[in-house]
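Asker: Take this structure first; my questions come after.
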Amino acid sequence: MSEPTPADYRKLLIEALGSAPDANTTGPGLRTLFTPSSHRLALDPDVTVVRGARGTGKTFWAKALVDERLREIAAASYMMPRLRRTRVTTAFGLESEEPGEPPFPYKRTREKLVEDGAAPDELWAAIVLMALNVPEIRRIEGWTDRVRWTRDNPEAYDAAIAAADRESRERGETRVLLFDALEHLHGVREQTDRLLSGLFRLALELRLTTGTLRAKIFVRPDMYENTPKMFPDASKLGANATDLEWSRENLYGLLFHQLGNHTTPEAEKFRAATGTWRQEDGRHVAPVDVIADRKRQEEVFVTLAGPFMGTDRRKGHTYTWVPNHLQDGKGRVSPRTWLKALCKAAVLTGERHAGHPVPLHYDAIRESLSSAADSRVAELQDDIGWAALAVEQLENTQVPLQASAVHYAWHQGSLVSKVREQLKDERSGSGPRDLENPVALLEELIELGVMTRRSGEAIDLPDIYRLAFDISRKGGVPRMPVN
């Protein structure tokens, strides 16, 4: 086999990362299933709450878990044999994996039920019985009557749950009900919080009162934190929660897994050049050091991007520079943003630096940050719109700023009025905890990772947010035009 050329690798980066899975539109597959070590706990049937920001893998895992073959691969990869004895059903999401009517009402029906006074615990009880395929509820036409039935027949509800628990116990399995896409629960924030609170309460009830029935709730961290949990034993939810986190080694492991599992001859060359990959369950599995050893990962990445972000080490090392500039204030990097940024860098290199001796040119990597920042801010506007508005008021300034300067910019920009107006839109996300208090607003933005506080108390912004709003930093990466 001939040695891979920079053009070969550039083509592979564009094709493999350009088609990297977006779980909302394409489901996970054998080749794209990557099992980072830090996600093991999220798949444990006894873990009730899985917190993850946009793009960290919530829907990916929700879809992978209901697929028997992918679940088997995860069980083997994580050495979690219990997953093989687990039956998984989507109880709530954007779509159902089962043919026919889904076990949950669609959004307009949900909102009408809430408007008509359906209590969250009654609605979720009906959804759980539908997901468990209980005949008494399945026979009822329409969600209004199903919710009414669960309200009027508490003994029958308890009996159905007990029967499902007994059946699972006799089959020697755990029955897991998945709840995903909860940001689409309701258009009004207060109603979303009420519904989520009811779901958390019911999930805990299943955990405490049955031996084999479990709920697994994939939810954004800010939604989990903001939801009132005023019910008995609520603290136990936190004890059964985990976070979808991506370490630097996980991100590079994902990158190399995607490259090695593409279907082109260039992927075969990549595998041949990076050690002994084994074929297993319809996918290629990289050598352990390529997946998890920092030194080896840096050696491989240098073949793709060169060692430095310039002509020498003064501009930084590519291996650390790229994830460092994609992370938020909490040090988190969205894997979706990571793959898209490297794909964009490959495209820019092909257009502007085609003769470069390695597949990715450092200037193209730097330019790809602006594109990644625009994508990340678009997600922020969808998820936490008020936070995006708060950063927008600092446009054309320079960080770091003193907190008083941030407060002044918000006052001058009428941030409070703008956020109030934004929250009138039913599609907007949750509002801040204390909109009128700029000190509290700033603290909440720091908690969210949108801003950071330097040791001297000055306020700074991570590049992944700063660049999208054309906010400069002395000596920092400048914003580049985005095509």
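Asker: Using a 1.4 Å probe and counting only protein heavy atoms, arrange ARG169, ARG82 so the residue with the most accessible area comes first. If you can, show how the numbers build up before the last one.
Answerer: Working: ARG169 140, ARG82 70 Å².
Output order, biggest surface exposure first: ARG169, ARG82.
Asker: Just how far, in whole angstrom, is region 260-308 from region 138-177 if you go by their alpha carbon centroids?
Answerer: The two parts, judged by their Cα centres, are 48 Å apart.
Asker: A further question follows. Whole number in Å², please: accessible area per residue of region 1-142, 1.4 Å probe, ligands, DNA and RNA not counted.
Answerer: On the way: 6390 Å² over 142 residues.
Ligands and nucleic acids excluded, the result is 45 Å² per residue.
Asker: I've got another one for you. Multiply the residue gap between ASP382 and ASP293 by 0.36 nm, knock off their C-alpha separation, and tell me the result in nm, one decimal place. The partial results should precede the final answer.
Answerer: Numbers: separation 89, 0.36 × 89 = 32.04 nm, distance 3.56 nm.
Full-extension gain reported as 28.5 nm.
Asker: Quick one: which of LYS58/LYS216; LYS344/LYS474; LYS63/LYS424; LYS11/LYS63; LYS63/LYS216 span more than 21 angstrom between C-alpha atoms? Can you show the working numbers first?
Answerer: Working: LYS58/LYS216 11 Å; LYS344/LYS474 25 Å; LYS63/LYS424 33 Å; LYS11/LYS63 29 Å; LYS63/LYS216 12 Å.
LYS344/LYS474; LYS63/LYS424; LYS11/LYS63, as the Cα separations exceed 21 Å there.
Asker: Related question: For the chain, what is the calculated [θ] at 222 nm in deg cm²/dmol (nearest 500), taking -39500 (n - 2.57) for each run of four or more DSSP H residues and dividing by its residue count?
Answerer: Details: 24 runs with 251 residues, N = 483.
Mean residue ellipticity, 222 nm, calculated: -15500 deg cm²/dmol.
Asker: Still on this structure: Need one number for region 267-394: average projected area of the convex hull over its C-alpha atoms, nm². Walk me through the intermediate numbers first.
Answerer: Details: hull surface 41.3 nm².
Mean shadow area of the hull around the Cα atoms is 10.3 nm².
Asker: Next question. Taking amide hydrogens as modeled 1.01 Å from N in the peptide plane, which residues meet the under 5 Å criterion relative to THR90, leaving out close sequence neighbours?
Answerer: GLU97, LEU178
Asker: Something else about it: Which value, in Å², gives the accessible area per residue of region 213-359 when a 1.4 Å probe is used on the protein heavy atoms? If you can, show how the numbers build up before the last one.
Answerer: Numbers: 6220 Å² over 147 residues.
Solvent-accessible surface per residue comes out at 42 Å².
Asker: Once the mean 1/r over all distinct Cα pairs of the chain is inverted, what Kirkwood radius in angstroms do you read off? Spell out each step's value before the answer.
Answerer: Values: mean 1/r = 0.0412 Å⁻¹.
About 24.3 Å, per the Kirkwood formula over Cα pairs.
Asker: Relative contact order for the chain: what percent, with Cα pairs under 8 Å and sequence separation of 6 or more?
Answerer: Values: 742 pairs, mean separation 88.2, N = 483.
Relative contact order here is 18 percent.
Asker: Using 0.36 nm per residue, how much length does the chain from THR397 to ASP281 gain when fully extended, once their Cα-Cα distance is taken away? Could the numbers behind the result be given before it?
Answerer: Working: separation 116, 0.36 × 116 = 41.76 nm, distance 5.27 nm.
Contour length minus the Cα-Cα distance gives 36.5 nm.
Asker: Here is a further query. With r as the distance between the Cβ atoms of ARG138 and ARG169 and R0 = 22 Å, compute the FRET efficiency 1/(1 + (r/R0)^6) and round to 0.05.
Answerer: On the way: r = 22 Å, r/R0 = 1.00.
That gives a FRET efficiency of 0.50.
Asker: A further question on this structure: Take the solvent-accessible surface of the protein heavy atoms, probe 1.4 Å, and return the percent of it on region 268-366 that carbon and sulfur atoms account for. Please list the in-between numbers first.
Answerer: Working: 2190 of 4510 Å².
The nonpolar share, carbon plus sulfur, comes to 48 percent.
Asker: What length, rounded to one decimal in nm, is gained on full extension from ARG420 through to THR263, with 0.36 nm per residue of separation minus their alpha-carbon distance?
Answerer: Numbers: separation 157, 0.36 × 157 = 56.52 nm, distance 4.96 nm.
Going from the current span to full extension adds 51.6 nm.
Asker: Rounded to the nearest percent, how much of the accessible area of region 66-209 (1.4 Å probe, protein heavy atoms only) is carbon and sulfur? Numbers along the way, then the final one.
Answerer: Working: 3220 of 7080 Å².
Ligands and nucleic acids excluded, carbon and sulfur reach 45 percent.
Asker: Let me know the charge dipole size of the chain about its Cα centre in debye, to the nearest 20, where only the beta-carbon of Lys, Arg (+1) and Asp, Glu (-1) is charged. Don't skip to the answer; put the middle values down first.
Answerer: Numbers: 66 positive and 70 negative charges, 209 e Å.
Roughly 1000 debye, rounded to the nearest 20.
Asker: If you don't mind, there's one more thing I want to ask. Could you state, as a whole-number percent, how many of the C-alpha pairs of region 393-446 are farther apart than 19 Å?
Answerer: Values: 413 of 1431 pairs.
Tail fraction, whole percent: 29.
Asker: A follow-up question, please. Would you please calculate the Kirkwood hydrodynamic radius of region 362-483 over all C-alpha pairs and express it in Å, rounded to one decimal?
Answerer: Details: mean 1/r = 0.0677 Å⁻¹.
This gives a value of 14.8 Å.
Asker: Hey, got a sec? Which trypsin sites (Lys or Arg not before Pro) in region 369-425 land in a DSSP loop and have at most 13 other Cβ atoms within 10 Å?
Answerer: On the way: sites: ARG376, LYS418, ARG420, LYS424; in loops: LYS424.
Loop-located and lightly packed - LYS424.
Asker: Output ³J(HN,Hα) for region 7-15: one whole-Hz value per residue in order, computed from phi by the Karplus curve 6.51 cos²θ - 1.76 cosθ + 1.60 with θ = phi - 60°, and x for Gly and Pro.
Answerer: Per residue, the Karplus-derived 3J(HN,Hα) values read 5, 4, 5, 4, 4, 5, 4, 5, 6 Hz.
The values are calculated or read from the model by the stated rules, or taken from the named source; none is laboratory data. Everything numeric in this text was worked out from a predicted model, so none of it was measured. Virtual Cβ from ideal backbone geometry, glycine too; neighbours counted across all protein chains shown. Surface areas here come from the heavy atoms of the whole protein model, side chains and all, with no ligands, DNA or RNA. Shrake-Rupley method; radii C 1.70, N 1.55, O 1.52, S 1.80 Å.
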